[in-house]
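Heads up: the structure comes next, in structure tokens.
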Amino acid sequence: MTNTGDGVLIKAFSGDERLLDFIDAIREEAPPLSDITGLSYVPLEERPETATFTIIASKTTDSTRAVIPPDIATCDDCLRELKAPDDFRYQYPFINCTNCGPRFTITESIPYDRPKTSMKVFPMCQKCHAEYEDPADRRFHAQPNACPDCGPQISWHDAAGKRITSVSILETAVNALLSDSILAIRGLGGFHLCVNAFSESAIATLRSRKNRPDKPLAIMVPDIETVDSFCIVDDHEKKMLLSPEHPILLLKPRSTVPLAANLFPDSGDIGVMLPYTPLHHLLFATSGCPSALVMTSGNVSGEPICTANEEAIVRLATIADNFLFHNRDIVTRVDDSVVKYIAGQPRLFRRARGFVPSPLHVPYELPQMIGCGGGLKSTFSLTREKMIFPSQHIGDLFNQASYAFFTESVENLKTLLKIEPEGAVCDLHPDYMSSRFAKELGLPLYEVQHHHAHAAAVMAEHGLTEPVLAVVLDGTGFGTDGTSWGGEILQTGLCHFSRLGSLETMLLPGGDAAAGEPWRMGMSLLHQTAPDTALTTPLLTAIDDSRKKIVWQMLENRFNTPQTSSCGRLFDAVSALLGLNYTASYEGQAAMQLEYCARKVLSNGWKNRLLSVLNDQSAYLFKKKSDRWQIISSEFVKNIVYDISSGGNRHEIALSFHSWLISCISRLVEKLSETTGIKNVVLAGGCMQNAILLEGLIFTLTELGLTTYTGSKIPINDGGISVGQAVIGGLKHVSCSTDEG
Ligand code: ZN
Ligand code: ZN
Ligand code: FE
């Protein structure tokens, strides 16, 4: 048996019957982490020389179908040994085995073998080596195998990075946490910034030093019982928390949570994860350790997470009070993944640790291509044969530091997968750094419309090849007419699309500035629906009259007011009109607050109410305007303004808005389904991260006899754009122009 670049090669010699049983057993009794994507066999040309079981050292070959596994959370066997005083790895922070531990984050090239990982600088001691060589041992060929005698170690440092010797580093660390210090802890795919999640003052300091005033902070808790005590968590969610991937899961907090109030100031979901490295487990096992720790990315907001010790000392100098380092180098930067269950399925909001670099399998051949992604929540994707390899989440591509992370990751993943793209795909937006990167590659270039890419990503995940109707509700994306799109109903194939409908266009006062300042969108809709009273209504009162007047003038004179059909901006407008958010401190904040506001009155009876809106002919409005159908949101906004002005319940208004939008879209899709004969509906776009919206749409479209598809393995937000691009560009590169229409 040997590991080759093509996969595992087994030479077995026996009678026919037993060989067939053996082949069955490979599938049926496969180890827990294995993923058999193909199995083929041919007769041996000659009888093997050895009759015993031998494992032969890996061979490097040119073709490389084998893939690097993702990083896996500490397994139960390792955890037992970690806590057993008589085990020689007792309390060793880097314990791992073939079933768990670092993989992608330590791998430099393939095949995946120790000399090609950052473990190469730690020669194994005799004990570890014996395990590594023994086929019967759990650590047989565990590349990062190590013990306290031969492997990596942790160290404790002050704010300036100076090493401080300590009898018990973990006790010192816990004491620091208890006195509100901010720790920078080097982890698996990068640094975490860690504080006591019960301390408002520690969190306030972290927020101000990290320049992250409101965005919820993820926490780590020691076990599933603690998760249960803080949040509402069902069996599927528990299973996901305990899965080998151990992602951050977004959960609804219980009504009385003892955690610090400034942890999730918008009172929405809490991001919770369980310990996934031995060091995390040891930290929680240290006497006095708080049962919830903030574990947020070790970066300055907007920049990539730090991975190297020296880099952290410089970049986190103004944030961290102490550093908890280790000396096992992180080759590839990988953030924590983020998952939320919506409509009974896990939805990846951020696909990174634990999931990357696993491929997505599609039912068609793709040439070697690179899809370069969008601007926000950026990722890129590489393709080969029938596989798409989406990169880890890279973040918003708006500064040099993120761009460097992007280009370094492209090189790294190309090397690991031995993919040399023959074509590049990018967004239509000319100013995205990812578009410029794609153009500079000098390869055949394919430009793909943003929402077409969103829809194609979902089609790829579900292996759909026939044209579908796609509802893409999104923040913003460059349209083929040069305006900003974002609330689209498309007829989409894998190569072509047409725009059949959209939300009514609105004016964006100040262009991009409107995205960060929802009150401007509120003003825009007031101007559109009630221009005479826009400046005198008792809405948007927290905004200075002088600022309102300036924006009103812009709208009157159509000065710097580009058009948009964005769903995100419509949510912003309603959120501002309801007084929930005037100025957003992070992307999607106003829309999230609107969802949480509606959630307060969301009950089991909600779906019946939704059906009555759906069946009320007068409630939904769409008109054929110019070349497409438009959903007349301004009419509904008029009702909202009236309801707010007459003292209506905000939560009810927020929920009615959701119901109205869901019904309108569903009825328009039904109409388009009748004219096109298409019954499959794809749901995508960043706004679909809104659970009320996505669940509602799935429910009503299903009621109307349509079949819905949405993303579960690939993010439905802009993190999935590169997947759709790679498919569209790849198929265009080999054939397209001929088929579909
Ligand atoms: Zn293990
Ligand atoms: Zn050892
Ligand atoms: Fe998007």
Estimated FRET transfer efficiency when R0 is 22 angstrom, pair Asn399-Glu310 (beta carbons, to 0.05): 0.60
Longest principal axis of the chain (C-alpha) makes with the long axis of helix 400-417 (C-alpha) an angle, in degrees to the nearest 10, of 50 degrees
Along the positive direction of the dipole of the chain (beta-carbon charges: Lys, Arg +1; Asp, Glu -1; about the Cα centre), which of Phe140, Ala160, Gly568 reaches farthest? Gly568
What's the extension gain from Leu39 to Asp234 if we count 0.36 nm per residue and subtract their Cα-Cα distance? 66.6 nm
Please give the charge dipole size of the stretch 410-563, origin at the Cα centre, charges +1 on K and R Cβ atoms and -1 on D and E Cβ atoms. Round to the nearest 20 debye. 220 debye
With +1 on each Lys and Arg Cβ and -1 on each Asp and Glu Cβ, and nothing else charged, work out how big the dipole of the stretch 551-644 is about its Cα centre, in Debye to the nearest 20. 260 debye
The simple spin-label model distance between Leu20 and Leu704, using points 7 Å out along Cα→Cβ, in nm, is 5.2 nm
Would you please classify the overall shape of the stretch 190-237 from the alpha carbon gyration tensor, given that a ≥ b ≥ c denote the square roots of the eigenvalues, rounded means a/c under 1.5, and beyond that prolate means a/b larger than b/c while oblate covers the rest? prolate
Residues Asp6, Asp329 in order from fewest to most other beta-carbon atoms within 10 Å are Asp6, Asp329
Taking the convex hull of Cα positions in the stretch 506-653, its mean projected area over all directions (nm²): 9.6 nm²
Mean 1/r over all different Cα pairs, inverted: what Kirkwood radius does the chain give, in Å? 27.4 Å
Extending each Cα 7 Å along its Cβ direction at Glu29 and Gln345, get the distance between those two points in nm, one decimal. 3.5 nm
For the stretch 581-658, what does the alpha-carbon gyration tensor say about shape, rounded, prolate or oblate, given a ≥ b ≥ c as the root eigenvalues, a/c under 1.5 as rounded, and a/b over b/c as prolate? oblate
Using alpha carbons only, how many degrees (0 to 90, rounded to 10) separate the axis of helix 633-645 from the longest principal axis of the chain? 80 degrees
Cα-based shape type of the stretch 623-685, given that a ≥ b ≥ c are square roots of the gyration tensor eigenvalues and the cut on a/c is 1.5: prolate
In nanometres, what is the gap between the two model label sites at His651 and Arg47, each 7 Å from Cα along Cα-to-Cβ? 8.0 nm
DSSP beta bridges in the chain, what fraction antiparallel, as a percent rounded to 5? 70 percent
Take the residue pairs Lys239/Lys607; Lys340/Lys386; Lys377/Lys625; Lys607/Lys671 and return only those whose Cα atoms are more than 30 Å apart. Lys377/Lys625
What FRET efficiency comes out for Glu635 versus Glu440 if R0 is 35 angstrom and r is the Cβ-Cβ distance? Round to the nearest 0.05. 0.15
Can you compute the label reach from Ala317? Point 7 Å from Cα along the Cβ direction, backbone N cut-off under 14 Å, restricted to the stretch 155-171. 159-162
Let me know the charge dipole size of the chain about its Cα centre in debye, to the nearest 20, where only the beta-carbon of Lys, Arg (+1) and Asp, Glu (-1) is charged. 1400 debye
Excluding residues on the same chain fewer than 8 positions from Lys549, give the lysines whose Cα lies under 25 Å from its Cα. Lys638
Quick calc, Thr172 & Arg254: beta-carbon distance into FRET formula, R0 30 Å, rounding 0.05, result 0.35
Taking the dipole of the stretch 474-605 about the Cα centre (Lys, Arg +1; Asp, Glu -1; charges at Cβ), the one of Thr483, Asn581, Leu507 that reaches farthest to the positive side is Asn581
Of 104-110, 310-316, 332-338, 16-22, ordering from highest average Cβ density within 10 Å down gives 332-338, 104-110, 310-316, 16-22
Can you give me the Cα centroid spacing of the stretch 656-734 and the stretch 432-479 in angstrom? 14 Å
For Leu44, Leu249, Leu178, Leu594, what's the fewest-to-most ordering of other Cβ within 10 Å of each Cβ? Leu44, Leu178, Leu249, Leu594
In what sequence do Arg80, Arg520 fall when counting other Cβ within 10 Å, fewest first? Arg80, Arg520
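Read the figures in this text as sums done on the coordinates, not as results from a lab. Note that this is a predicted model, so its numbers are computed, not measured. All Cβ positions, glycine included, derive from the backbone under ideal geometry; neighbour counts span all protein chains shown.
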